[in-house]
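Since the structure comes first, as structure tokens, the remarks are kept for the end.
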Amino acid sequence: MSSTIATGFSRRSFLRTSSLASGGMLIGFNLFTACKDNVKMPVDISKLNYNDFNAFIKISNEGMVTLFSPNPEIGQGVKTSMPMIIAEELDVLWENVNVLQGVLDTKNYQRQVAGGSQSIRFGWDALRQTGATARQMLVNAAAARWGVDASECSAKQGVITNAKGQTLGYGDVVKEAAKLQIPISEGAEGDESKSENPEFKDASAKEVAGKVKLKDPKDYTIIGTDTHNVDIDEIITGKPLYGMDYKVDGMVYANVLRPPSFGQQLESYDDTDAKAIPGVIDVIRIGAKGRGLLEKNRGNWSVKLGDTDKVVVIAESTWKAIQGKKAIKATWSNASEMESTESHDRDLIALLDGTEFTTLRKDGDVEKAFKEADKVIERTYESPFLPHNCMEPMNFFADVTETKVHLVGPIQTPESGAAAVADMLGRDVADVHCEMTRMGGGFGRRLYSDFVLEAAEISDAIRKPVKMVSSREDDMATGVYRPAIKYRIKASIKDGELTGYHLKEAAVGGNMYGLIPNFFPAGTLDNYQVDVASYKSNITTGAWRAPYTNFLSYAEQSFLDEIAEALEIDAVQMRLDLLQKVKGSEDERIQYSAERMEDVINLVVEKSGYRIPKEGVYQGFSAYYCHNTHVAEVADIVMENNQPVVKKVTVAVDCGIVVNPLGALNQIEGGVIDGVGHAMYSDFSFENGMPTSKNYDSYRLIRMREAPMVETHFVKNTLSPTGLGEPTLPPAGAAVSIALKKATGKRIYKQPFITSLLDKEIIG
Amino acid sequence: MPTYKLKINGVSKKIEATPDMPLLWALRDDLDMVGTKFGCGIGQCGACTVHIDGTAARSCLLQVSQLDGKEITTIEGLSPDGSHPVQQAWKEVDVPQCGYCQSGQIMTASAFLEKNPNPSREDIRSAMHGNICRCASYNRIENAVVKAAEKKMA
């Protein structure tokens, strides 16, 4: 792959430079524009007021580099890895780079948008271009000073060298560089040779503008090296970083009493006891303003937390607010059906048995294949709702005044959150300012802005700066959930071959979408069909780490293992055989690469010792593609005291170039253990419209003693990097389910596995 | 409201509170020491772990009225500058993902290593079992405790 490939990015659409009064050079760019290339930048930098920049590179006269990153950090490590990409192309020593998060800089940062799981993939080209362009400008400035051609100069680790061996540091030339025209990159299109910006009308600019060239991956010195989390010192010493830690003078705390059951409405409440608690300031009723706003904004999901009135206790401290809420006596009426796990199970099975499906992909004729088959296998797989359980409970700060709205807190989508608040309060969105804190986990929960709307509605009512804080019970029992889903998969076998595959999905409150129907095994079979159906529920559903595939992977991989058993062929060989059929396919809908899938399969088989039988160790294999990354995993299970213990998971990953191996391994290990944990242990059910678990005494998350050791191996290549926050999670539960079959002799069709094993008395 | 004297990180602090006020909220809301985190409020997750006379304890379950004469240590007081062997091990292993639970993890690990300076991996897994890490950085937590033990022995 060429390292100077045309990127299609017009750097001038997201890049501006200027000199600093205090000395040095400032390069402004919009990180998210850079990642999307769809936002127009104003022409005149002097009129920008920085509203359209959210990221800056500052190079001081001393050559020190400061990268101001606006990026929301939920633990995925992009605050470290994205600046690494810029620093690589800028060619500076990482120890001379300081990364600052612009969380509380109201002057410089606006319009921040969460990067999401696609940050690295989308940012790769633009971030490299940004760094390389800055480097070229510095080289051009040095060349101009020496009176030589820029092509005779090179830059390395912050030092520019010419053909005579003379050197200049970046800091020596920043002043001149800041005045230069932004140079053209090799292969890029759409650039004009002349800037419209008056500041760039330097006569010499055109003559010295050397072309920007991206590095060859073999020359990388920062990308691909283990780099520590840039916030590590603050985290290990307990510095304020999170929304829960945010505080301003005069701020009060609020805890919200929401309906205990989904489908209930507030009738009345008695706040006498709550108001008698010292430290409780007031009790108010909210909900009128936020109605319907979230549902309007959420498309596929049924997030409608704003649909009822709620009671809010305002207090001097978090604890008093929570205490006050417990003292409220509220009456609720049932405005709708009180759902239960029993009703969900019944209704989902009815959906699967019915005919009301939307077909997402249809190849050939599965019904014909089933009719002509020697054997037909049909299985149903079931999963519960799951709460996100971010360790930092939902919270948000809001300060609503006559003229402006100031929002601060942990959110993955600040832009849509601010827009929803503007909508709710009837304000101009330009008067709503939203800042991000580091997030104590996201997992999809912080995509939704219900808690931002609540905070803003409360502050609007009391006209004070307020922090809305949730307790764990609020979070777990009145939140957003991965929907309960059931899959029914049917396949046909004829003449020792898999001839047809039909997957039906039934879900509560929203179905799989987008590209998922074109993941493996799509394209490998002549007769293949994916159908979906869902029904509306009072229970709020939403994206949860690796949406849909987090459960689909287990259903599909477990089913394929059963097919291999029926065909009496090796499960790994069956995958490899199927992949041959998609090679060279002209079907442009197919999302995965057969070659890259083969690579991860072969690598995991070799590294896990899958072909070598081990006494008392049961190995389950899975291979999956999602979120643009190919992953194969082998889970090792041993039986200890008749209990299955997942000892180890071997992982092979092809995510292209690994930007920060230290951070990448952390994401992979976390994703695998999270996948094992939720598949094995986490159960969540409803009775009378109410979750039966509200805190960690009755809800099980995986803990240290149950966590397998994760051993990771990367497929080494120089392909553009893809994301790692999600793709290792889905295959983990799949591999465990197959290892459990080998360990116990029984297949499990329902998550969590431990409950299924106990219910069926497979384990004691 | 009664006044309570709390000795936190070697410094005596006075707070006005009802007797049942949990130490967690005294630290976070009244004393602006926010390194100790709120996770569950029922002693199940470990995010709020502090040391009471050197023993790890859940600050969400401790009432301010129970702490007279006790030495309370929080993450802010474990070392003045992050130089405690456990903090250094956490840094070298690069444990955190979101990082929210990590001060509680560090407090549990540091109290544990005082009592068991040369633990087996099995000992470590048992000692750390009460602290949830939702990002599941468990492998690194285990490795960091091993490394911290080596540092303390050295």
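Miscellaneous remarks
- Which listed residue, of A:Tyr528, A:Tyr535, A:Tyr548, is touching a His at 6+ places or on another chain (Cβ under 8 Å) and either closer than 26 Å to A:Ile673 by Cα or not basic (Lys, Arg) (or both): A:Tyr528
- Residue in the stretch A:701-718 that is farthest from the other protein chains (Cβ to nearest Cβ), counting only those that are over 30 Å from A:Tyr220 (Cα atoms) and assigned to a loop (DSSP other than H, G, I, E, B): A:Pro708
Rundown of residues vs (1) free of Cβ contacts under 8 Å to residues at least 60 places away in the same chain; (2) touching a Cys at 6+ places or on another chain (Cβ under 7 Å); (3) basic (Lys, Arg), yes/no style:
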position	(1), (2), (3)
A:Gly677	yes, no, no
A:Asp683	no, no, no
A:Gly689	no, no, no
A:Arg700	yes, no, yes
A:Ala707	yes, no, no
A:His713	no, no, no
A:Asn717	no, no, no
A:Thr722	no, yes, no
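- Condition met for B:Gln97 (crowded, with 24+ Cβ neighbours inside 10 Å, closer than 24 Å to A:Gln76 by Cα and within 12 Å of another protein chain (Cβ to nearest Cβ)): yes
- Single unsatisfied condition, A:Tyr681 versus (1) more than 15 Å from A:Pro387 (Cα to Cα); (2) more than 10 Å from chain B (Cβ to nearest Cβ): (1)
- For the stretch A:518-556, the candidate set comprises residues that are among the polar types (S, T, N, Q) and farther than 30 Å from A:Asn334 by Cα; within that set, the residue that is surrounded by the fewest Cβ atoms within 10 Å (Cβ to Cβ) is A:Asn518.
- Of the residues in the stretch B:2-17, none is aromatic (Phe, Trp, Tyr) and crowded, with 24+ Cβ neighbours inside 10 Å.
- The lone criterion from (1) within 27 Å of A:Gly224 (Cβ to Cβ); (2) touching a Ser or Thr at 6+ places or on another chain (Cβ under 7 Å) left unmet by A:Thr692 is number (1).
- Among residues of the stretch A:719-735, those that are more than 14 Å from chain B (Cβ to nearest Cβ) and outside any loop (DSSP other than H, G, I, E, B), counted: 4
- Looking only at residues in the stretch A:713-741 that are among the hydroxyl-bearing types (Ser, Thr, Tyr) and crowded, with 24+ Cβ neighbours inside 10 Å, the one that is farthest from A:Gly663 (Cα to Cα) is A:Ser737.
- Within the stretch B:116-153, the set of residues being touching a residue at least 60 places away in the same chain (Cβ under 8 Å), within 30 Å of A:Gly444 (Cα to Cα) and either at the interface with another protein chain (Cβ under 7 Å from one of its Cβ atoms) or part of a helix (DSSP H, G or I) (or both) comprises just one member, B:Ile132.
- Residue check for A:Asp399: charged (D, E, K, R), surrounded by fewer than 24 Cβ atoms within 10 Å (Cβ to Cβ), closer than 12 Å to A:Ala455 by Cα and in contact (Cβ under 8 Å) with a residue 60 or more places away in the chain: yes
- Considering residues of the stretch A:655-668 that are in contact with a Ser or Thr (Cβ under 7 Å, 6 or more places away or on another chain) and closer than 15 Å to A:Glu726 by Cβ only, the residue nearest to the other protein chains (Cβ to nearest Cβ): A:Asn666
- Selected residue (criterion: farthest from A:Gln76 (Cα to Cα)) from residues of the stretch A:638-663 that are touching a strand residue (DSSP E or B) at 6+ places or on another chain (Cβ under 9 Å) and of a type in the set (Val, Ile, Thr): A:Val638
- Only listed residue being more than 7 Å from every other protein chain (Cβ to nearest Cβ), surrounded by fewer than 24 Cβ atoms within 10 Å (Cβ to Cβ) and of a type in the set (Lys, Arg), chosen from B:Lys70, B:Lys91: B:Lys70
- A:Leu453 passes every criterion in (1) touching a residue at least 40 places away in the same chain (Cβ under 8 Å); (2) over 25 Å from the mean Cα position of the chain (by Cα); (3) more than 16 Å from A:Ala321 (Cβ to Cβ); (4) assigned to a helix (DSSP H, G or I) apart from (2).
- Scanning the stretch B:1-39 for residues that are in a loop (DSSP other than H, G, I, E, B) and under 15 Å from the mean Cα position of the chain (by Cα), we see that the one that is farthest from B:Ser103 (Cα to Cα) is B:Asn9.
- Filter result for A:Glu761 (surrounded by fewer than 17 Cβ atoms within 10 Å (Cβ to Cβ) and either more than 22 Å from the chain's Cα centre (by Cα) or outside any helix (DSSP H, G or I) (or both)): yes
- Qualifying positions in the stretch A:436-480 - of a type in the set (Val, Ile, Thr) and more than 13 Å from chain B (Cβ to nearest Cβ): A:Val452, A:Ile458, A:Ile462, A:Val466, A:Thr478, A:Val480
- Members of the stretch A:418-440 found to be in a loop (DSSP other than H, G, I, E, B), of a type in the set (Gly, Ala, Ser) and surrounded by fewer than 24 Cβ atoms within 10 Å (Cβ to Cβ), listed by number: A:Gly426
Let's see how each residue does on (1) of a type outside the set (D, E, K, R); (2) touching a residue at least 12 places away in the same chain (Cβ under 8 Å); (3) crowded, with 17+ Cβ neighbours inside 10 Å; (4) within 24 Å of A:Pro708 (Cα to Cα):
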{"site": "A:Leu579", "(1), (2), (3), (4)": "yes, yes, yes, no"}
{"site": "A:Ser585", "(1), (2), (3), (4)": "yes, yes, no, no"}
{"site": "A:Arg589", "(1), (2), (3), (4)": "no, yes, no, no"}
{"site": "A:Glu598", "(1), (2), (3), (4)": "no, yes, yes, no"}
{"site": "A:Leu603", "(1), (2), (3), (4)": "yes, yes, yes, yes"}
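- For the stretch A:273-350, the strands (runs of 3 or more DSSP E) that sit wholly inside it and include 1 or more residues that are among the acidic types (Asp, Glu), at pLDDT 95 or above and within 30 Å of B:Leu24 (Cβ to Cβ) are A:280-286.
- Selection within the stretch B:38-48 - more than 7 Å from chain A (Cβ to nearest Cβ) and under 13 Å from B:Pro22 (Cβ atoms): B:Gly43, B:Cys48
- The lone criterion from (1) under 30 Å from A:Phe262 (Cα atoms); (2) of a type in the set (S, T, N, Q); (3) in a strand (DSSP E or B) left unmet by A:Ser698 is number (3).
- Within the stretch B:15-44, residues that are touching a residue at least 60 places away in the same chain (Cβ under 8 Å) have Cβ atoms under 8 Å from residues that are among the aromatic types (Phe, Trp, Tyr) and crowded, with 24+ Cβ neighbours inside 10 Å in these pairs: B:Lys37/B:Tyr100; B:Gly39/B:Tyr100, counting only partners at least 6 apart in sequence or on another chain.
Let's see how each residue does on (1) within 14 Å of chain B (Cβ to nearest Cβ); (2) outside any loop (DSSP other than H, G, I, E, B); (3) at pLDDT below 85; (4) buried (at least 16 other Cβ atoms within 10 Å of the Cβ):
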| site | (1), (2), (3), (4) |
| --- | --- |
| A:Gly165 | no, no, no, no |
| A:Pro183 | no, no, yes, yes |
| A:Gly190 | no, no, yes, no |
| A:Ser195 | no, no, yes, yes |
| A:Lys215 | no, no, no, yes |
| A:Ile223 | no, no, no, yes |
| A:His228 | yes, no, no, yes |
| A:Lys239 | yes, no, no, yes |
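The values are calculated or read from the model by the stated rules, or taken from the named source; none is laboratory data. Fair warning: this is a prediction, and the values are worked out from it, not measured in the lab. Neighbour counts are summed over all protein chains in view; Cβ atoms, including those assigned to glycine, are modelled from backbone coordinates with ideal geometry.
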